[in-house]
Amino acid sequence: MEHMGVEPGRLSFSWISSAESTKFVDVVKEVTATVKALGPNINFKKTAKVA
Amino acid sequence: MKVIKIDKKDWAGGIEKIQSSYRLYGPVKSDAFHDFKALEKGELPDLNFSNTRVSPKSVVYPQSEVMFEYSLDEKDAEHHILKDAAKDYSPKAVLGIRPCDAASFLLVKRNFDTPEYKDPYWIKSYEATTFVGYACNNPCATCFCTTAGSGPFNEEGLDVLLVDEGDCYYAKVITSKGESLLNAAGWKTGADGGAPDKIAALEKEAGSRIASSVTTGRLKDKKTTELYEAPFWEDVSFACINCGTCTYLCPTCWCFDIQDENSGCSGVRMRNWDSCMFPLFTIHGTGHNPRGTKLQRVRQRFMHKLKYYVDKYDNGIQCVGCGRCIRSCPVNIDIRKVCDMMNSYDPKACACPAK
Amino acid sequence: MLGYIDNIREISKRLLDEGRVDMIIGFRKGTIPLMNEPCFVKNSGELSTLVWDSNCGINLANYLTDRKEKIGIVAKGCDSRNIVTHIIENKIKREKLVIIGIPCKGMVDKRKIAGMFENGIEDITEEDNIIRVKSRGVETSLNKSDLLQENCALCVHRNPVIYDELAAPLIEEQKSVDRYADVLRIEAMTAQEKWEYFKDLISPCIRCYACRNACPLCYCPTCFVDESRPQWCGKSQDEIDTRTFHFLRAYHCAGRCTDCGACERACPVGIKVRQFTSKLNKDCLDMFGWEAGLSPDQRPPLDTYKPADPGDFIK
């Protein structure tokens, strides 16, 4: 997706077992912080410009 | 008929003048192709083209068009009420439309403007438009307009017809709408007495260059059911990949699909071109699809253009011979070939399937 | 490649006459220059309609999907790789097929040639590496190697990877081809530049889906863009919907695309749609050493797990 212009950091993959609650929390915090830092995604948003 | 002479050095100045009272559309080149686009202030149409890749039907009938807007916010006093979307029906003009494409609007009009049903969007947009045609001195090899009810100098559907005569354009004034546009441009010089002869000579030469044709004379007498059941459809449809190229590029295909699109608490009801080549075109809510196979869909396209339309309107085929579908079909399905097959089909003579 | 046709007809005649196949899928001469039409022949008396030249770019594997007959199919290198993919994905049974392999010397880029002759093309003939174009009565000779479709110029699998018959002896594969120069060029851009690049790339798109439908991989009974319950993707000319379609189409081809160029060839508005899939092909090669459709005995990387699979992107 980054190749097609989606900013790095918007998309994350994680492998978390149901037993890894702390990892889950950490990953969610990190992903949220990264995306917040990037701000709203203005590119991938429909603007309804059709005539 | 009045003929105006436009010196090519007065061309750009005239266009600039028209732009104050008309929204202009014209062929614009991007990469290797020309397409009709809205012209910016001071932008000239590029008339150095055979024909555009996509037909100019979108000038009147956009591929996506919002019809209504609505609010779903229950705090809004007028929520859930469809309201007309804002539209611009101020005068516009298409410069450089080819005669075949201009003729297609008359054909499409039979569908959108009937005594019974009137499509307000299409009609208002069409009526706001002045069609300035551009005669084809050099038709393409795939043009078969002369046997499809049109021709390289055909005037039907046009308000003005421009003929390129080297240093100048001769402008044949066809309607008062066309005359107003020429006046707005300040093009008023009457052409010399020899102009009609010169135009006729160019027309004759262009006509002689049309190398391909269709035969349509017997389509009307064919039995619909016999054509429908003709064995050649398997062969005709085999290569088809069921994309929408032919129908989307076609100036005479008019089908659309209506969609609601919501974003948060507001939404629009829009229509988008649709294509009989897509399975989605006919699928029912139950999941049943009466035209579920490619053969059925390909047959529908040709039967509609070359038989149902012929029978319903008694005004020729639903095709103006522009050749776009032939040039752009990814797998070379050729309407000229199919038309001839249908026109010459004799169920008695053909007991064995044509392969 | 012109000499191939006699062998194709001869092999086809034998297959049909011996009842080994019910139909031959190949090409017949097109009605306009630079185009041939995929067709089938069921009767060996009609094999003279079959042709072979440098305008047979359409991927015939697309015509095999879910067919039940016994089929003889003419297959270039890329077609054969898509046949392999079809076999792996259970879209056709190997035993139903007799593959007539074509060692392919590349197909010509019809847009490139058409673009060179503004007055239109009356006729085209070819022999070996020479293409002769007649336009307004004037004949021009061109080198075929300058006119190849981009994916053909970059092809390293010209020979069929699977076949039962051969229309000609195998040919030497192209070596030292820089297949991914375009991908590297885009990789060097910033995120915003990439975004704008693809925006411009697809701006002429009319959503006709020719790219999808020409692709042998796109055989889903209902494509995600055609789903209505729920509707994943809007139907208008909205740029984001168009982009969503192109993104997802490309991803559905990841690890399966053979770079046959059918999508790009089919596009009526000339969009270089391979720009989407090339990156995925390069990644598959870099990360998994995988190129699609080379052998019916190997499972694709995206439906198998190996402990050594790269996983750096997973946090």
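Values as computed for the structure displayed
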quantity	calculated
Residue-by-residue Karplus 3J(HN,Hα) for region B:253-262, coefficients 6.51, -1.76, 1.60, Hz, glycine and proline x	7, 10, 5, 9, 10, 9, 9, 9, 10, 9
Among B:196-206, C:296-306, C:80-90, the order from most to least packed when residues are scored by Cβ within 10 Å on average	C:80-90, B:196-206, C:296-306
Hz values of 3J(HN,Hα) by residue in region B:111-127 - Karplus curve (6.51, -1.76, 1.60), Gly and Pro given as x	8, 8, 10, 10, x, 8, 10, 10, 7, x, 5, 5, 5, 5, 5, 5, 5
Charge tally in the Cβ shell below 11 Å around B:Leu47, where Lys, Arg are +1 and Asp, Glu are -1, B:Leu47 excluded	+1
Within-9-Å neighbourhood charge of C:Leu2 [Cβ basis; K, R +1; D, E -1]	-4
Dipole in debye (nearest 20) - the protein assembly as shown, about Cα centre, beta carbon charges: Lys, Arg +1; Asp, Glu -1	900 debye
With all protein chains modelled, accessible area of B:Glu43 [1.4 Å, Å²]	60 Å²
Modelled FRET efficiency - R0 41 Å, B:Tyr308 with C:Asn129, Cβ distances, 0.05 increments	0.25
Distance cut-off 22 Å, percentage of C-alpha pairs in region B:47-150 lying past it	46 percent
Calculated P(r) of chain B - Cα pairs past 40 Å, %	20 percent
Binned Cα-Cα distances of chain A, short to long, each 5 Å bin given as a whole percent	4, 17, 20, 18, 15, 12, 7, 3, 2, 1, 0
Net charge of Cβ neighbours under 13 Å - reference B:Arg327; Lys, Arg +1; Asp, Glu -1	+4
Contact surface C-A: accessible area buried, both sides summed, square angstrom, 1.4 angstrom probe	2000 Å²
Dimensionless Rg ratio for region B:224-343, taking C-alpha atoms and the 2.2 N^0.38 Å reference	1.17
Rounded to 5, percent antiparallel among DSSP beta bridges of chain B	75 percent
For C:Cys39, distant residues with modelled amide H under 5 Å away	C:Gly26, C:Phe27, C:Arg28
Rg to Rh quotient for region C:178-304, alpha carbon positions, Kirkwood Rh	0.96
Residue among B:Gly14, B:Ile210, B:Tyr313 farthest towards the positive dipole end of the protein assembly as shown, charges placed on Cβ	B:Tyr313
Heavy-atom accessible area ranking, 1.4 Å probe, most first, across C:Ile206, C:Ile124	C:Ile124, C:Ile206
Compactness of chain C as Cα Rg over 2.2 N^0.38 Å, two decimals	1.03
Chain B: relative contact order as a whole-number percent, Cα under 8 Å and 6+ apart	21 percent
Average beta-carbon neighbours from other chains, 10 Å sphere, peptide B:138-150	2
Antiparallel DSSP beta bridges within chain C, as percent of all bridges there, nearest 5	65 percent
Peptide B:234-242, shielding by other chains (average Cβ, 10 Å cutoff)	5
Within 10 Å of each Cβ in C:188-196, the average number of Cβ atoms from other chains	4
Amide hydrogen neighbours beyond the local backbone of B:Arg23, cut-off 5 Å, H modeled	B:Lys92, B:Ala93
Helix-derived mean residue ellipticity, 222 nm - over the protein assembly as shown, DSSP H n ≥ 4, -39500 (n - 2.57), to 500	-8500 deg cm²/dmol
DSSP beta bridges in the protein assembly as shown [antiparallel fraction, %, rounded to 5]	70 percent
Cα centroid separation - region B:279-341 against region C:175-206, whole Å	36 Å
Size of the protein assembly as shown as Cα extents on the principal axes (Å, biggest first)	85, 73, 51
Kyte-Doolittle at least 1.6, axis length at least 15 Å by Cα - qualifying DSSP helices, chain C	none
Karplus 3J(HN,Hα) series, Hz, for region B:277-287 with 6.51 cos²θ - 1.76 cosθ + 1.60 (x for Gly, Pro)	7, 8, x, 5, 4, 10, 5, 8, x, 6, x
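The values are calculated or read from the model by the stated rules, or taken from the named source; none is laboratory data. All of these numbers come straight from a predicted model, not from anything done at the bench. Note that we place each Cβ from the backbone using ideal geometry, even for glycine, and neighbour counts take in every protein chain shown. Just so you know, the surface numbers come from the protein's heavy atoms only, side chains and all, with ligands and any DNA or RNA stripped out. Shrake-Rupley method; radii C 1.70, N 1.55, O 1.52, S 1.80 Å.
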